[in-house]
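Participant: Below you'll find the structure I mean.
Please treat every number below as a calculation from the coordinates, not as lab data. Values in this document were obtained by computation on a predicted structure and should not be read as measured data. Cβ placement follows ideal geometry from the backbone for every residue including glycine, while neighbour counts extend to all protein chains displayed.
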């Protein structure tokens, strides 16, 4: 592993270090980047851009990069040490996808990284693989035959091919390999889309009113971190994908409602519920993670909704006895899931997931639904959603819940002309079609009589 003192030398060192931790420790990309904020924030803008480009780029293109390594190596691929493998991946990624990086810089830095990481004996091997590749690399030929589906685990693409066919699977993978814009939800209680776009225009390379969400604007290549952008401290916006925004609106929150966000996390959907009700609904943001709820409180204060949102530390995978039965008019269950609908923003997820994870998530989702059902008033609405479109986590969960809870039925979303509805009347947002994150949502009604 790379010596920590060397992480500040060059953005490539930190990229290899984090890539290795993701693979060997099964740690999350977002967490690791946050943990190394002190180093990242000390980088000049050019180095910071290179760091993120390599880090996310390698995770997106890892499948194709590994094929290149295997073809140019005389060593068994599975026997290459992970830090050495990541040094090779970053070197090849720079040669193939970053036009302004000289081959010599990509090769020499990769060699130095393995030396400093205690793999001096592998330096010749790394140098040889990268030099061999650089001599024979033909960009026109490579990009003509490159398949984005090769950048995803085989179990994942086989599952999608069986369900959607090869063409749609390739389209989906191509979309997931694109660099997404930063999407913000305009806090319309405080400002407008037009005014916020004008305010942020000097702070990003490009900014536009995103038609995929009624309160969305998107930007690329901001000049500052999100929390340093104009209007952030005043609560003019919150980071939230248009797909997540759309799903939240299905709950149809009203000012006089008593609402629960059952798996609130950092409060993206909580904030939008408060915004849609102009801060006049009573909202309980529940989560098992106290740290997340503390961050949620700060977020609601920034947005101007702290008086309408209270928090409750509760693990709904175990019980719901801390909250009064039949208490809420509406409940949002944004359940923990595999996250396969948001791979464009979280490319590390595809390498850390297995089929077993999907089934484990489904068990958790069923338990949370069961435990929240009793908290809803008769005639109330329960919105179940996940950022996944895998059947085990979506229709299967809802169908089993309805079979076991006869007092619930699906709301008639089709008659309301809600877009993205499937054959059951649930909402299925496929990212390569909607140009947003992927989501599933089912709106359930609790019978007034039963």
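Participant: Under the rule of -39500 (n - 2.57) per DSSP H run of 4 or more residues, summed and divided by the residues of the chain, what mean residue ellipticity at 222 nm is obtained, to the nearest 500 deg cm²/dmol?
Facilitator: After summing the helix terms and dividing by residue count, I get -13500 deg cm²/dmol.
Participant: Let me ask something else about it. Which number comes out as Rg/Rh for segment 307-450 once both Rg and the Kirkwood Rh are worked out on C-alpha atoms? Mind dumping the intermediate values first?
Facilitator: Details: Rg = 15.6 Å, Rh = 16.0 Å.
Value, to two decimals: 0.97.
Participant: For volume of the Cα convex hull per residue in Å³, which listed value, (i) 151; (ii) 162; (iii) 218, comes from the coordinates shown?
Facilitator: Correct label is (i).
Participant: Here is a further query. Working from Cα positions, state the angle (0 to 90°, nearest 10) between the long axis of helix 166-176 and the longest principal axis of the chain.
Facilitator: Its long axis makes an angle of about 90 degrees.
Participant: If the convex hull of the alpha-carbon atoms of segment 182-239 is projected onto planes in all directions, what is the mean projected area in square nanometres?
Facilitator: That works out to 3.3 nm².
Participant: Could you tell me the convex hull volume per residue, in Å³, taken over the Cα atoms of segment 171-329?
Facilitator: 133 Å³
Participant: Using only the Cα atoms of segment 133-214, what do you get for the radius of gyration and for Dmax, in Å?
Facilitator: Answer for segment 133-214, Rg first and Dmax second: 19.5, 58 Å.
Participant: Report the extension gain between residue 423 and residue 359 in nm, rounded to one decimal, defined as 0.36 nm multiplied by the number of residues separating them, less their alpha carbon distance.
Facilitator: Full extension of this stretch gives 20.7 nm more.
Participant: Out of all DSSP beta bridges in the chain, what portion is antiparallel? Express it as a percent rounded to 5.
Facilitator: Working: 25 of 43 bridges.
So the antiparallel bridges in the chain amount to around 60 percent.
Participant: Taking the Cβ of each residue in 22, 259 as the centre, tally the other Cβ atoms inside 10 Å and list the residues starting with the fewest.
Facilitator: The most exposed by this proxy come first: 22, 259.
Participant: How large, in Å, is segment 264-346 by the Kirkwood hydrodynamic radius built from its alpha-carbon pairs?
Facilitator: 13.7 Å
Participant: Give me 160, 155 sorted ascending by neighbouring Cβ count inside 10 Å, so fewest comes first. Could you put the intermediate results ahead of the total?
Facilitator: Details: 160 21, 155 11.
Result, fewest neighbours first: 155, 160.
Participant: Could you please rank 197, 387, placing first whichever residue has the fewest other Cβ atoms within 10 Å of its Cβ?
Facilitator: Fewest-to-most Cβ neighbours within 10 Å comes out as 197, 387.
Participant: Roughly what % of DSSP beta bridges within segment 304-450 run antiparallel, to the nearest 5?
Facilitator: 70 percent
Participant: Can you work out the base-10 log of I(q)/I(0) for segment 4-146 at q = 0.10, 0.11, 0.13, 0.17 1/Å, using the Debye formula on its C-alpha atoms alone?
Facilitator: The computed values of log10 I(q)/I(0) come out as -0.31, -0.37, -0.53, -0.92.
Participant: Apply 1/(1 + (r/R0)^6) to the Cβ-Cβ distance of residue 120 and residue 307, taking R0 = 60 Å, and write down the FRET efficiency to the nearest 0.05.
Facilitator: E(calc), rounded to 0.05, equals 0.50.
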